[in-house]
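These notes concern the structure reproduced below.
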Amino acid sequence: TTPRRVELLSGIVRYFRFPLVLGPAFRARAGSVLLDASAGAVAAWLHVGGVGFQGAASHDAAIFGGAASVRVALPQGRLAPFLELSGVAFQPGQAFVHRGTELHAVPLPNLELYAALGGAFRAW
């Protein structure tokens, strides 16, 4: 997933998740339209780091969740234009920031949705 950042008054919290999805994928044909659907379990590497804080540090953790995806394609010879909708849901998480003697929580979103419009090229 893309790197994200949350700006605070005294610094920035940066994070990203690198997911690995394992699950079945299915394909169906309806006339000239291809429909692909997949769903599965997600194991991800979460990296969180602070920038601009006194004593800033970074931490890594394994997190888990689920993913689903649907793709509609219109094959035209070797090129298949498509529209894909995907979502990844993780267990809720927070990054913690120390300010003096106080501890503040920065909530991390647990749902990420994506839409892609593109073309797939088939070599044969």
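Structure values in brief
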quantity: For the chain, with +1 on Lys and Arg beta carbons and -1 on Asp and Glu, the positive-most of Phe82, Pro92, Ile63 along the dipole; calculated: Phe82
quantity: Accessible surface ranking that places the most exposed of Tyr114, Tyr15 first, with a 1.4 angstrom probe; calculated: Tyr114, Tyr15
quantity: Cβ-based charge dipole, the chain, positive-most Cα from Tyr15, Ala30, Phe53; calculated: Ala30
quantity: The chain, accessible surface, carbon-and-sulfur percent (1.4 angstrom probe); calculated: 65
quantity: Rg over Rh, two decimals, the chain (C-alpha only, Kirkwood Rh); calculated: 1.14
quantity: Residue-normalised accessible area of the stretch 46-124, given per residue in Å² at a 1.4 Å probe; calculated: 66
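The values are calculated or read from the model by the stated rules, or taken from the named source; none is laboratory data. Being a predicted model, the structure only gives us computed values, none of them experimental. Backbone-built Cβ (ideal geometry, glycine too); neighbour counts: all protein chains shown. Heads up: the accessible areas ignore ligands, DNA and RNA and are worked out on the full protein's heavy atoms, side chains in. Shrake-Rupley method; radii C 1.70, N 1.55, O 1.52, S 1.80 Å.
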